[in-house]
Amino acid sequence: MQISTTARHCELDPELRLFVHERLEKLERFARDIVEAHLIVTAEGYRHEAEITLRLKRHEMVSREQSTEPRAAIDLAADHLEAQLRRLKEKRVSRKRNPRSNGAAAEPAAEPATED
């Protein structure tokens, strides 16, 4: 996964960039097809807004959060993306487990006849 960061009207120190890389790499647990992650941190006065865009092979997910601290905003946005990825993974797993919905598997097996 390729991770890029952009800071608007502020500076991101190396410690914060390392935190971002570690936090976003954890998201690969939920989807192995993540191609790119892009973080944009914007500072406006006392407010910091973090926007994370994840590009998957067939999906694109975006999360925006605001906080007074940039680290908190990034963490909240990553939590929101994690929830989105969990839902996507559950959808993918449930689709694999139920490949057919024609009802053939739902019919009970015939019981052998017993003679008294």
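Considering only residues that are within 14 Å of Ala72 (Cα to Cα), more than 18 Å from the chain's Cα centre (by Cα) and not in a helix (DSSP H, G or I), which ones fall in region 1-52?
If the condition is that a residue be within 14 Å of Ala72 (Cα to Cα), more than 18 Å from the chain's Cα centre (by Cα) and not in a helix (DSSP H, G or I), then Leu12, Val41, Thr42, Ala43, Tyr46, Arg47, His48, Glu49 are the ones that fit.
Tell me which residues, restricted to region 81-91, are closer than 21 Å to Gln2 by Cα and open to solvent by 80 Å² or more (accessible area, probe 1.4 Å).
Result: Arg86, Lys89.
If we scan region 61-76, do we find a residue that is among the β-branched types (Val, Ile, Thr), surrounded by 14 or more Cβ atoms within 10 Å (Cβ to Cβ) and in contact with a Leu (Cβ under 6 Å, 6 or more places away or on another chain)?
no
Against the definition (open to solvent by less than 90 Å² (accessible area, probe 1.4 Å), under 14 Å from Met1 (Cα atoms) and either of a type in the set (D, E, K, R) or modelled with pLDDT under 95 (or both)), how does Leu56 come out, yes or no?
So Leu56 passes the test.
Is it the case that Ala7 is open to solvent by less than 50 Å² (accessible area, probe 1.4 Å) and closer than 17 Å to Lys57 by Cβ?
For Ala7, the condition - open to solvent by less than 50 Å² (accessible area, probe 1.4 Å) and closer than 17 Å to Lys57 by Cβ - is not met.
Just one of Glu44, Glu69 is under 19 Å from Arg23 (Cβ atoms), acidic (Asp, Glu) and modelled with pLDDT of 90 or more; which is it?
Glu69
The values are calculated or read from the model by the stated rules, or taken from the named source; none is laboratory data. The model shown is predicted, which means the values in this text are computed figures rather than measured ones. Reconstructed Cβ throughout: ideal geometry from the backbone, glycine too, with neighbour counts over all protein chains shown. Heads up: the accessible areas ignore ligands, DNA and RNA and are worked out on the full protein's heavy atoms, side chains in. Shrake-Rupley method; radii C 1.70, N 1.55, O 1.52, S 1.80 Å.
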